[in-house]
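The values are calculated or read from the model by the stated rules, or taken from the named source; none is laboratory data. Worth saying up front: this structure is predicted, and the values here are computed from it rather than measured. Here the Cβ positions follow ideal geometry from the backbone for every residue, glycine too, while neighbour counts run over all protein chains shown.
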Amino acid sequence: MYRANAHRYELMRYNRCGNSGLLLPAISLGLWQNFGNRNDFNSMREIIHFAFDHGITHFDLANNYGPPPGEAEINFGKVLKDDLWSYRDELIISTKAGYYMWPGPYGEWGSRKYLIASIDQSLKRLGVEYVDIFYSHRPDPDTPMEETMMALDHIVKSGKALYAGISSYSAEQTSNAITILRELGTPCLIHQPRYSMFDRWVENGLLNVLSDEEVGCVTFSPLAQGLLTDKYLNGIPGTSRAGRGLGNGAIQQDDISPSVLQKIKKLNELAGQRKQSLAQMAIAWLLKDNRVTSVLVGASSVAQLKNSIGSLQNVSFTNEELSAIEEILK
Ligand SMILES: NC(=O)c1ccc[n+]([C@@H]2O[C@H](COP(=O)([O-])OP(=O)(O)OC[C@H]3O[C@@H](n4cnc5c(N)ncnc54)[C@H](OP(=O)(O)O)[C@@H]3O)[C@@H](O)[C@H]2O)c1
């Protein structure tokens with residue numbers, strides 16, 4: 001029988017999520033790519049145990065994570081039921097709806113019809129009565145923002161989620177969503193944008209909106225899906241995300257161009273001088289900004305997650321290091 005490490009809360013830092021009452025671990029675990037039916041169940045279980053044993057209380061899912069879509073929620077639900085059920089009140093489980101999930105006009109985007117049907121499906125797959133955070137996974141250009149936000153508000157008020165969040169909304173869309181949710185009486189808890197050294201769009205307005213509005217920020221793909229590690233320095237391993245040719249938004253072999261590889265090499269050297277792995281430096285670089293509440297990592301093994309958590313040993317940078325990073329990223 002699984003028993004959580006008694007010292008887990010001494011091993012993690014917790015940051016307040018905006019001006020809410022909720023604290024999130026500095027590092028959270030996402031179940032996008034490595035928790036579907038092509039992965040070994042025992043390995044998934046070990047990763048989840050290791051995370052919780054090291055103070056990672058937040059597990060991020062979405063209706064479509066797998067493959068096939070829905071499978072990651074089912075697998076997480078099994079581990080929850082078998083091993084973590086007595087710890088349910090120590091967990092922050094999030095899920096989302098926005099991307100394609102089922103055929104016909106009601107199986108994706110941001111209508112009230114889709115979001116409410118989807119949360120009901122997610123709750124069944126996860127085997128829970130409520131999730132902690134429910135997100136609109138992406139803005140819908142054709143549905144009025146009011147309708148999507150009213151659906152989030154309904155989901156929270158009906159007890160199916162404790163908090164509402166949005167993902168990948170632009171700075172302007174985020175301001176709008178925050179205002180509407182506030183008027184409805186369900187504050188926007190959090191935004192989940194992509195952010196890494198290789199993808200810095202959030203620096204053009206979004207981070208400031210979140211900090212001005214005191215909304216939390218959990219950043220996804222902090223390692224640019226594995227590019228910001230040493231794994232591609234000597235070729236593309238067949239077992240890696242790029243090597244497996246997964247599709248569905250996963251990085252491809254073509255993403256590892258000679259110029260990207262050159263940057264990775266230089267960043268890797270700099271990380272070595274800081275006595276960190278490149279993955280650790282990439283996570284630390286995000287956490288140095290106090291507008292970032294939590295960094296949402298993926299992991300295909302316990303060893304990777306262990307390495308990523310090690311980033312917390314050193315999250316400060318000298319001005320020289322920051323300038324050197326800027327120079328490499330130019
Ligand atoms: N809201 C959204 O639209 C959205 C979109 C994407 C992701 N997300 C969320 O963000 C989470 C993280 O995204 P992500 O998986 O792309 O994040 P990531 O942390 O950038 O990439 C994870 C991948 O990097 C490699 N890796 C991780 N730690 C490593 C380490 N210490 N050393 C060497 N390699 C390491 C592994 O690649 P290999 O598999 O090659 O071993 C792993 O699968 C997802 O699970 C999901 O919850 C949200």
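Look through 181, 210 and report the one residue that is touching a His at 6+ places or on another chain (Cβ under 6 Å) and either part of a helix (DSSP H, G or I) or among the acidic types (Asp, Glu) (or both). Being touching a His at 6+ places or on another chain (Cβ under 6 Å) and either part of a helix (DSSP H, G or I) or among the acidic types (Asp, Glu) (or both) holds for just one of 181, 210, which is 210. Going by the structure shown, is residue 55 among the small types (Gly, Ala, Ser) and within 20 Å of residue 135 (Cβ to Cβ)? For residue 55, the condition - among the small types (Gly, Ala, Ser) and within 20 Å of residue 135 (Cβ to Cβ) - is not met.
Going through the stretch 17-38 one residue at a time, which ones are among the aromatic types (Phe, Trp, Tyr) and either over 15 Å from residue 67 (Cβ atoms) or in contact with a Gly (Cβ under 7 Å, 6 or more places away or on another chain) (or both)? The answer is 32, and nothing else. When the residues of the stretch 133-159 are filtered to those that are without any contact (Cβ under 8 Å) to a residue 60 or more places away in the chain and in a strand (DSSP E or B), the one that is surrounded by the fewest Cβ atoms within 10 Å (Cβ to Cβ) is 133.
Each row is one residue, and each column tells you yes or no for (1) touching a residue at least 40 places away in the same chain (Cβ under 8 Å); (2) under 22 Å from residue 165 (Cβ atoms).
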{"site": "29", "(1), (2)": "yes, yes"}
{"site": "42", "(1), (2)": "no, no"}
{"site": "53", "(1), (2)": "yes, no"}
{"site": "56", "(1), (2)": "yes, yes"}
{"site": "62", "(1), (2)": "yes, yes"}
{"site": "67", "(1), (2)": "yes, no"}
{"site": "79", "(1), (2)": "no, no"}
{"site": "85", "(1), (2)": "no, no"}
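Scanning the stretch 296-319 finds one or more residues that are touching a residue at least 24 places away in the same chain (Cβ under 8 Å), among the basic types (Lys, Arg) and surrounded by fewer than 17 Cβ atoms within 10 Å (Cβ to Cβ). In this entry, residue 98 passes the filter for residues that are within 14 Å of the ligand (Cβ to nearest atom) and either among the β-branched types (Val, Ile, Thr) or more than 19 Å from residue 209 (Cβ to Cβ) (or both). In the set (1) modelled with pLDDT under 95; (2) under 25 Å from residue 171 (Cα atoms), residue 241 fails one condition alone, (2). Of the helices (runs of 4 or more DSSP H) contained entirely in the stretch 260-330, those carrying at least 2 residues that are closer than 23 Å to residue 216 by Cα fall at 278-287, 302-309. Of the numbered criteria (1) under 28 Å from residue 135 (Cα atoms); (2) surrounded by 15 or more Cβ atoms within 10 Å (Cβ to Cβ), the one residue 278 fails is (1). Checked against (1) modelled with pLDDT of 95 or more; (2) more than 22 Å from residue 130 (Cβ to Cβ); (3) more than 10 Å from the ligand (Cβ to nearest atom); (4) among the small types (Gly, Ala, Ser), residue 164 passes all but condition (2).
Of all the numbered requirements in (1) modelled with pLDDT of 95 or more; (2) within 19 Å of residue 29 (Cα to Cα); (3) surrounded by 13 or more Cβ atoms within 10 Å (Cβ to Cβ), residue 325 misses one, and that requirement is (2).
Within 8 Å of the ligand (Cβ to nearest atom), among the small types (Gly, Ala, Ser), within 17 Å of the chain's Cα centre (by Cα) and modelled with pLDDT of 95 or more - does that describe any residue in the stretch 247-270? No, because not a single residue in the stretch 247-270 is within 8 Å of the ligand (Cβ to nearest atom), among the small types (Gly, Ala, Ser), within 17 Å of the chain's Cα centre (by Cα) and modelled with pLDDT of 95 or more. All of 76, 50 fail the test of being within 15 Å of the ligand (Cβ to nearest atom) and either at pLDDT below 95 or under 16 Å from the mean Cα position of the chain (by Cα) (or both), apart from 76. Tell me yes or no: at least one residue of the stretch 15-24 is within 15 Å of the ligand (Cβ to nearest atom) and either closer than 17 Å to residue 218 by Cβ or under 17 Å from the mean Cα position of the chain (by Cα) (or both). Yes; the residues of the stretch 15-24 include at least one that is within 15 Å of the ligand (Cβ to nearest atom) and either closer than 17 Å to residue 218 by Cβ or under 17 Å from the mean Cα position of the chain (by Cα) (or both). Within the stretch 216-245, can you find the residues that are assigned to a loop (DSSP other than H, G, I, E, B) and more than 6 Å from the ligand (Cβ to nearest atom)? Selection gives 227, 228, 230, 232, 233, 234, 235, 236, 237, 238, 239, 245.
Here is a check on your reading of the model: is residue 112 in contact with a helix residue (DSSP H, G or I) (Cβ under 6 Å, 6 or more places away or on another chain) and more than 13 Å from the ligand (Cβ to nearest atom)? Criteria met by residue 112.
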